[in-house]
Amino acid sequence: MVVAVIVGIGAGTATVLLGHHGSQVADGSSADAQQQQAAQSSSQPSSSQPSSSQQSSSPGTGAEQAQLARVTPQIRRSVSARSTVVTATQGVAACTMAPSKAISLVNQAISELRAVITGLGTLSVTAVRGGPQLLADFRQVLKRSIRADQGFIGWMQNIKSSGTCPVNTTADASYQAGLQASRQANSAKRSFLGLWNPLASRFGQPRYTALQI
């Protein structure tokens with residue numbers, strides 16, 4: 001009869017009750033006494049039963065994973081924008097892309113990054129460990145990247161205006177401003193990825209490097 005009662009309670013509690021009452025069965029207690037004690041144990045909280053916080057850990061983890069997964073598309077948009085900027089700046093630096101075309105591409109990338117910043121404002125990360133800081137760091141990445149891109153646009157405009165390619169980047173104030181902002185963006189990227197990559201590994205999301213985002 002004890003086994004029947006234990007199985008009815010559930011697997012997690014069954015282990016607890018078997019541990020508590022195994023010695024009583026061996027001592028030859030009556031079946032009625034065993035039933036009574038088992039019923040009492042089932043109605044009283046056991047010290048070995050999981051706490052309410054433990055019981056809710058699975059839903060919490062599920063919410064954390066779901067919320068983190070909603071950040072991934074925004075990172076991918078940043079990756080795409082960076083790829084566009086790299087293509088444009090390398091093309092201009094090599095004098096293989098017209099500055100006007102490159103400027104248009106970088107402006108498109110800036111618009112995309114601004115849209116990502118707006119998109120982050122719609123995300124809830126309350127279930128993600130360090131979620132608010134994660135998004136704050138990502139915003140810094142995006143803002144500093146935009147600042148860098150604007151500097152490089154100035155450099156491209158200088159080439160377009162002069163009609164000379166290449167130009168001396170060390171003497172170009174716009175290029176140097178873009179380079180400085182780019183260094184600041186890389187610092188923000190390291191902070192962001194220091195939070196993102198461990199969570200990504202845990203919850204099956206893509207990991208990134210500072211050269212990607």
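The values are calculated or read from the model by the stated rules, or taken from the named source; none is laboratory data. What you see is a predicted model; the values in this text were computed from it and never measured. Positions of Cβ are backbone-derived with ideal geometry, glycine not excepted, and every protein chain shown enters the neighbour counts.
Take segment 77-117 and flag every residue that is surrounded by 14 or more Cβ atoms within 10 Å (Cβ to Cβ), in contact (Cβ under 8 Å) with a residue 60 or more places away in the chain and of a type in the set (S, T, N, Q). Those that are surrounded by 14 or more Cβ atoms within 10 Å (Cβ to Cβ), in contact (Cβ under 8 Å) with a residue 60 or more places away in the chain and of a type in the set (S, T, N, Q): Ser78, Thr89.
Looking only at segment 180-209, residues that are assigned to a loop (DSSP other than H, G, I, E, B) and under 18 Å from Leu135 (Cβ atoms) come to 4 in all. Check whether at least one residue in segment 172-193 is closer than 20 Å to Ala66 by Cα, modelled with pLDDT of 95 or more and surrounded by 18 or more Cβ atoms within 10 Å (Cβ to Cβ), and report yes or no. Scanning segment 172-193 turns up at least one residue that is closer than 20 Å to Ala66 by Cα, modelled with pLDDT of 95 or more and surrounded by 18 or more Cβ atoms within 10 Å (Cβ to Cβ).
Restricting attention to segment 118-133, the residues being of a type in the set (Val, Ile, Thr) and surrounded by 15 or more Cβ atoms within 10 Å (Cβ to Cβ) number 2. Does Val86 satisfy being under 18 Å from Tyr208 (Cα atoms), modelled with pLDDT of 95 or more and more than 14 Å from the chain's Cα centre (by Cα)? Here the answer is yes, as Val86 does meet what is asked. Residues that are out of contact with any Ser or Thr (no Cβ under 6 Å at 6 or more places or on another chain) and touching a residue at least 60 places away in the same chain (Cβ under 8 Å) within segment 149-159 comprise Asp149, Met156, Ile159, listed in sequence order.
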